[in-house]
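**Student:** Structure incoming, see below.
The values are calculated or read from the model by the stated rules, or taken from the named source; none is laboratory data. If you're wondering where the values come from, they're calculated on a predicted model, not measured in any experiment. Cβ coordinates were reconstructed from backbone atoms using ideal geometry, including for glycine residues, and neighbour counts include every protein chain displayed.
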Amino acid sequence: MIYNNLTLNMLGEKECTIGGELVQNNIPILEDNYVRKMNANNGFSKGRMFRKIASIGLVEIMKATQEGYNLDDEKDLYRFLSEHPEYMAVDKINSNRPANIIIK
C-alpha cells in the first residue's frame, strides 16, 4: 500500500507545483524476498522456465531513479542490487557455472 500526502499549488492558469512525499510499506516485499532466497530452487519457477532475481517496491524504484540509477540498464540494476541486497530474491545472480541445458 502506498500512502501519500501530495499537495498541488497553482501558480497561475497553466502552471503548478507538486509537493509532498510518497511512503510505501516494504515489509511484505522484503519478507517475500527472504522466503524466496531461503527456498532451495534459487529463484527458479517450478518448471524452471524463468527466474525471479528481485522484487523492488514502486516507491524504491522512484527513489533509485532520482538517485541516478537506470534500472532498465543491466549494469545499473546489478549495481543497485549489490548496494541493496534486501531486494534480491536469490543469493547470487551469476553462479559462474556453465549455462548447460539438461534435458531428461
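**Student:** Could you check segment 38-57 and list, in sequence order, the residues that are surrounded by 13 or more Cβ atoms within 10 Å (Cβ to Cβ), without any contact (Cβ under 8 Å) to a residue 40 or more places away in the chain and more than 23 Å from residue 24 (Cβ to Cβ)?
**Tutor:** 44, 51
**Student:** Are there any pairs, at least 6 apart or on different chains, whose C-beta atoms fall under 7 Å, with the first in segment 22-37 and of a type in the set (D, E, K, R) and the second not in a helix (DSSP H, G or I), and if so, which?
**Tutor:** 32/55; 36/43; 36/52; 36/89; 37/88; 37/89; 37/90; 37/91
**Student:** May I ask you to list the residues in segment 19-46 that are in contact with a strand residue (DSSP E or B) (Cβ under 6 Å, 6 or more places away or on another chain) and either modelled with pLDDT of 80 or more or part of a strand (DSSP E or B) (or both)?
**Tutor:** Here is the first cut: in segment 19-46, the residues in contact with a strand residue (DSSP E or B) (Cβ under 6 Å, 6 or more places away or on another chain) are 19-20, 22-24, 43-44.
Listed by number, the residues that qualify are 19, 22, 23, 24, 44.
**Student:** Please find, within segment 58-104, the residue that is surrounded by the most Cβ atoms within 10 Å (Cβ to Cβ) out of those that are among the small types (Gly, Ala, Ser) and modelled with pLDDT of 90 or more.
**Tutor:** Among them, the one singled out is 64.
**Student:** Related question: Out of the residues in segment 16-37 that are of a type in the set (Asp, Glu) and loosely packed, with under 13 Cβ neighbours inside 10 Å, which is farthest from the chain's Cα centre (by Cα)?
**Tutor:** Step by step, filter segment 16-37, then rank; the result is 21.
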